[in-house]
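Chemist: Structure below; questions to follow.
Read-outs: derived from the displayed coordinates by stated rules, not from any lab. These numbers were taken from a predicted model, which means no experiment stands behind them.
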Amino acid sequence: MRRKPIPRPTAKAPLSETSQNIQSLPELAPKKKKRLVQMQLDLVGELRKKCRVCGMEYIPSNSEDVVLHRKFHAMNVGGVDFTKAFVERIKQNQVWAGGDGSFIAAVGRKDTLAFRNKASEVLKVVNTELAAVTIPDEALWSQLHSSISSKAVAHGEKPQPSAKGHSACSTSDRFKAYLYIHGQKCVGACLAERIQEAYTVVDQDDASEHTGRVPVPAEFHGASISISRVAEPAILGISRIWTSNLHRKMGIATTLLDSARSDFLYGMTIEKTMVAFSQPTGSGGELARKWFGRRAGWCVYID
Ligand SMILES: CC(C)(COP(=O)(O)OP(=O)(O)OC[C@H]1O[C@@H](n2cnc3c(N)ncnc32)[C@H](O)[C@@H]1OP(=O)(O)O)[C@@H](O)C(=O)NCCC(=O)NCCS
Ligand SMILES: [Zn+2]
């Protein structure tokens, strides 16, 4: 049932003309209102600019917006600032350490609000560059009850002991964020996700030559790849991966990927064949090809 959202005051003198219209032709009122709102949006749209580096949309004629963009842009280029005290605190979650004092910290559902908020702040920079949706905090820090497939077990995953002893079911963090910290800045991040299935990236020539099956062409962020029609079991999804602009091509994303697969599940390193990328960008696809060591045959998943 449709209802008018808020009854407009019809008794006030300056609105009398409109009010008469409303009384005689009730259906005209919402249309008129809608048209006015649309005009405002168009006006803003004309002045709005999207930065091609950090992805932030801002209004160049608005000085507050310009300052906000400058700060946000700096985080994309040089990394997200952490205080010295915070770096010391988050070091307790270290899962990898580099020779130069850099380290990777894992942040999950059970961590303090301060840690989770910092991870969300970094993910905001990542999502803006990727033009990806923000994952709500309730989902980001939620728990997942998942059954473990026989293929996953075959690749080394230990099922949790259950009361009856035979149903392989476990609870885990749905997501874990891996933050690469260099000095007092977070210069890279990987958001890893527990997944169940993924699709194999198919080499076009291979697909027709060897399997005779037609793969599904898919376009992610403008980069087109072909994927198999049938889903395969998978364990770890790379939901987001990002390195700040100034620190790219130095192996940071590679180290983040390695840390995620060795840390995500307690006590085991996940096989690369069980790792999948979420809708990769052009550079994400290149990173994946290098990390998996092959052009095709690795997996992507749809979230
Ligand atoms: C993709 C991204 C995460 C790579 O981060 P990175 O820290 O520079 O990656 P690495 O240094 O570990 O790169 C490892 C290998 O991946 C490949 N690679 C990475 N970025 C590449 C790019 N832009 N173009 C081509 N190959 C690339 C290279 O083979 C590289 O090895 P090399 O340096 O020996 O040639 C980074 O470019 C980024 O943040 N991009 C914007 C966000 C994005 O697109 N994320 C991917 C989402 S799926
Ligand atoms: Zn910018």
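Chemist: What residues qualify as long-range amide H neighbours of Phe82, i.e. H under 5 Å apart, gap of 5 or more or another chain, H built at 1.01 Å from N?
Modeler: Those qualifying (amide H under 5 Å, at least 5 residues apart or on another chain) are Lys185, Cys186.
Chemist: Please turn the phi angles of the range 226-240 into ³J(HN,Hα) values with the Karplus equation 6.51 cos²θ - 1.76 cosθ + 1.60 (θ = phi - 60°), one per residue in order, whole Hz, x for glycine and proline.
Modeler: 10, 10, 5, 7, 9, 7, 10, x, 8, 10, 10, x, 8, 6, 9
Chemist: Using each residue's phi in the range 126-136, evaluate 6.51 cos²θ - 1.76 cosθ + 1.60 at θ = phi - 60° and report the 3J(HN,Hα) Karplus result to the nearest Hz, with x for Gly and Pro.
Modeler: 4, 4, 5, 5, 7, 6, 9, 5, 7, 7, x
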